[in-house]
1. Look at Asp216 and say whether it is assigned to a loop (DSSP other than H, G, I, E, B) and either more than 26 Å from Gly147 (Cβ to Cβ) or at pLDDT 90 or above (or both).
2. Hey, among the residues in region 193-213 that are crowded, with 19+ Cβ neighbours inside 10 Å and of a type in the set (S, T, N, Q), which one's nearest to Ser15 (Cα to Cα)?
3. I need a count of the residues in region 43-88 that are within 12 Å of ligand 2 (Cβ to nearest atom), open to solvent by 30 Å² or more (accessible area, probe 1.4 Å) and under 16 Å from the mean Cα position of the chain (by Cα).
4. Can you name every one of the helices (runs of 4 or more DSSP H) wholly within region 89-180 that holds 3 or more residues which are out of contact with any helix residue (DSSP H, G or I) (no Cβ under 6 Å at 6 or more places or on another chain) and farther than 15 Å from Trp205 by Cα?
Amino acid sequence: MTQHTSSTLAIPEVSAIPRHVAIIMDGNGRWASKRHMPRVAGHSEGLNAVRKIVAECRRLGVEYLTLFAFSSENWRRPPEEVGFLMKLFLKSLKGEVTRLAENDICLKLIGDLERFDRDIQKMVTFSEEKTAQCKALTFTIAANYGGRWDILQAMRQCLIAHPHLKPEQVSEDLIQPFLSMSYAPEPDLFIRTGGEQRVSNFLLWQLAYTELYFTDVLWPDFDEAELHKSFEWFSQRERRFGRTSAQVMSQSMSDAV
Ligand code: IPE
Ligand code: IPE
Ligand code: MG
């Protein structure tokens with residue numbers, strides 16, 4: 001499996017279409033409340049937006065799409081809402097996996113799956129295996145995921161793999177292969193719908209140099225046109241990775257020669 005160096009060390013190539021897009025799909029509950037519907041109706045509607053965005057990312061040539069579906073903090077919600085989300089998760093995995101495979105989309109799950117019921121865990125394994133050879137898009141769902149959990153589990157695995165490690169030998173490159181998204185480059189573009197401007201314990205390590213895009217649009221209303229807007233905004237960013245603007249310009253001029 002390919003390992004990707006941290007973007008704090010290596011500078012990725014710049015392009016108009018982000019290679020890796022990571023999204024916090026927020027605002028389902030408010031979308032439903034505005035329509036005097038129960039919050040969970042917003043989650044069902046949010047699934048339609050997921051289908052649209054997956055298809056559009058594939059069409060546009062995005063290589064990696066990562067969606068935050070359920071955070072390690074979301075267990076604090078009322079049990080009925082958590083139960084509904086679990087049922088929806090299982091139902092949508094069952095309903096979508098064949099279509100994903102037909103469209104050459106590789107599905108991956110990140111997060112602590114042990115807390116999920118056995119039938120969900122089995123369906124995750126089945127879905128990952130069924131789409132493992134797909135190449136057009138890698139679609140990752142973060143479920144019971146937390147950025148701090150990810151860093152801690154990576155540190156623990158790293159210490160198990162290198163039991164005699166000395167503090168001065170600990171490096172980014174040593175930890176990175178154990179992070180749950182080690183198969184992907186770090187996100188180029190982060191999108192959060194629903195108006196909040198926070199990261200909510202999503203990919204903390206991996207977002208170090210990601211461009212952050214916030215929109216008030218509620219997730220069920222986020223469609224192809226909204227995705228295009230975010231890509232347009234992304235294409236205007238100057239990604240400096242610590243360098244000066246002049247350095248970035250001269251680099252892109254020498255790349256063009
Ligand atoms: C995001 O929408 C979906 C999940 C967290 C599962 P919310 O349910 O957080 O919607 P709001 O923020 O309450 O509107
Ligand atoms: C973040 O949304 C998690 C997901 C979208 C799955 P929340 O709506 O739970 O975030 P906070 O707690 O309001 O920051
Ligand atoms: Mg929310």
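The values are calculated or read from the model by the stated rules, or taken from the named source; none is laboratory data. All values reported here derive from a predicted model rather than from experimental measurement. Every residue, glycine among them, receives a Cβ derived from its backbone with ideal geometry; neighbour counts consider all protein chains shown. Accessible surface areas use protein heavy atoms only, side chains included; no ligands, DNA or RNA. Shrake-Rupley method; radii C 1.70, N 1.55, O 1.52, S 1.80 Å.
1. Numbers: assigned to a loop (DSSP other than H, G, I, E, B): yes; either more than 26 Å from Gly147 (Cβ to Cβ) or at pLDDT 90 or above (or both): yes.
Yes.
2. Top of the filtered list is Thr210.
3. Of the residues in region 43-88, 2 are within 12 Å of ligand 2 (Cβ to nearest atom), open to solvent by 30 Å² or more (accessible area, probe 1.4 Å) and under 16 Å from the mean Cα position of the chain (by Cα).
4. Counting at least 3 such residues, we get 118-130, 147-161.
Per-residue answers, yes or no, for (1) small (Gly, Ala, Ser); (2) touching a strand residue (DSSP E or B) at 6+ places or on another chain (Cβ under 9 Å); (3) outside any helix (DSSP H, G or I); (4) at negative phi:
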position: Ile11; (1), (2), (3), (4): no, no, yes, yes
position: Ile23; (1), (2), (3), (4): no, yes, yes, yes
position: Asp26; (1), (2), (3), (4): no, yes, yes, yes
position: Gly42; (1), (2), (3), (4): yes, no, no, yes
position: Ala69; (1), (2), (3), (4): yes, yes, yes, yes
